[in-house]
Amino acid sequence: MAIVCKSAGEIEKMRRSGHIVRQVLDALQAMVAPGVSTMDLERAAEKKMRDLGAKPAFKGYYDYPCVLCTSINQEVVHGIPSDGRKLVAGDIVSIDCGVVLDGYYGDAAVTVPVGAISDEARKLVEVTEQSLHKGIAAAIAGNRLGDIGAAVQEFVEAAGFSVVREFVGHGIGTKLHEDPQVPNYGVRGQGLKLREGMVLAIEPMVNAGGASVRVLDDKWTAVTRTEGPAPILSTVLP
């Protein structure tokens, strides 16, 4: 495992990349409404990235075709934007976005309600977001990687939901995915010791049903094996 700790100057460059991701996601959240297609979001995101001077991180990565991942309801992660996929009132849509600026990556996602959503979906989104903050609070130099995963897992499971195992967070820097992997489950006090200068993308993925997922025939879109929407929220931690 080759973990690269970043200097203050490198972290500042990553902060600028992350700020662009935030601006893109803010613009897309304002667009979310019934009748909007996920390809509408895709086109707007690519234009916004270019206007802000950044390049898309996802497009072409292992031949992925788009700049966004847009995952609706039972889709957990890696949903591919499409003109034919239009948002419907009651949906929740995860919008995952990454950019590269001056050689450094930013990567984040947000789950957005489409109009009025069910109480269960709202609780799921809220719990997932709160679990993210629990993970962030545990990301302290001297703690262990298991402390982050345990903080997320304990909060999610106490709320009656489940944590996806097949997909995890990751380090980030001059590559989109760097060591270490950052699971959303774990045991406190176990795993890699966290050090100053590590930059981690903590990405809680939470299901309303069981934890297991499967990948569709498009080779990208991961969906829950049980009924219930599954939002993902993520952040990049400097």
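The values are calculated or read from the model by the stated rules, or taken from the named source; none is laboratory data. Just so it is clear, the model here is predicted, and its values are computed rather than measured. Positions of Cβ are backbone-derived with ideal geometry, glycine not excepted, and every protein chain shown enters the neighbour counts. For the accessible areas, the whole protein counts, side chains as well, though only heavy atoms, and no ligand, DNA or RNA atoms are used. Shrake-Rupley method; radii C 1.70, N 1.55, O 1.52, S 1.80 Å.
Heavy-atom accessible surface of Asp26, to the nearest 10 Å², is about 80 Å², with a 1.4 Å probe and all protein chains retained. Residue by residue, the stretch 212-218 carries 3J(HN,Hα) couplings of 6, 9, 9, 9, 6, 5, 6 Hz when phi is fed to the Karplus relation 6.51 cos²θ - 1.76 cosθ + 1.60 (θ = phi - 60°); x denotes Gly or Pro. Remark: the stretch 57-65, residue by residue, has Karplus-estimated 3J(HN,Hα) of 8, 8, 4, x, 6, 6, 6, 5, x Hz, where x stands for each Gly or Pro and the curve is 6.51 cos²θ - 1.76 cosθ + 1.60 at θ = phi - 60°.
Report, in whole Å, the centroid distance computed from the Cα atoms of the stretch 179-227 and the stretch 19-53. Between the Cα centres of the stretch 179-227 and the stretch 19-53 lies a distance of 25 Å. Fully extending the segment from Asp83 to Glu157, taken as 0.36 nm per residue of separation minus the present Cα-Cα distance, adds 23.1 nm. Both radii come from the Cα set of the stretch 110-238: Rg as radius of gyration, Rh as Kirkwood radius; their ratio Rg/Rh reads 0.98. Applying a length cut-off of 30 Å (Cα extent along the axis) and a mean Kyte-Doolittle floor of -1.0 to the DSSP H helices of the chain leaves 8-31. Rounded to the nearest 20 debye, the dipole size of the chain about its Cα centre is 460 debye, using +1 on the Cβ of Lys and Arg and -1 on the Cβ of Asp and Glu. Cross-link reach is defined here as a Cα-Cα straight distance under 29 Å, omitting same-chain residues fewer than 8 places apart; for Lys6 the lysines meeting it are Lys48, Lys55, Lys59, Lys134, Lys175, Lys193. Using only alpha-carbon positions in the stretch 25-151, the gyration tensor eigenvalues give semi-axes of 25, 22, 12 Å once each is multiplied by 5 and square-rooted (largest first). 3J(HN,Hα) couplings calculated from phi for the stretch 219-225 with the Karplus curve 6.51 cos²θ - 1.76 cosθ + 1.60 (θ = phi - 60°) are, in sequence order, 6, 10, 5, 9, 10, 5, 7 Hz; Gly and Pro show x. Quick note on the stretch 1-58: its Rg to Rh ratio, both from C-alpha atoms and Rh being the Kirkwood radius, is 1.12. Applying the Kirkwood pairwise sum to the alpha-carbon positions of the stretch 19-88 produces a hydrodynamic radius of 12.4 angstrom.
Value of Rg to Rh for the chain, rounded to two decimals, is 0.95; Kirkwood radius and Rg both from alpha-carbon coordinates.
Here the sum of -39500 (n - 2.57) over DSSP H runs of 4 or more residues, divided by the residues of the chain, equals -10000 deg cm²/dmol at 222 nm, to the nearest 500. Counting only protein heavy atoms and using a 1.4 Å probe, the accessible area of Lys123 comes to about 90 Å².
For the pair the stretch 59-93 and the stretch 127-177, the centres of their Cα atoms are 23 angstrom apart.
Close amide H contacts of Met205 (hydrogens built in the peptide plane, cut-off under 5 Å, sequence separation of 5 or more or a different chain): Val164.
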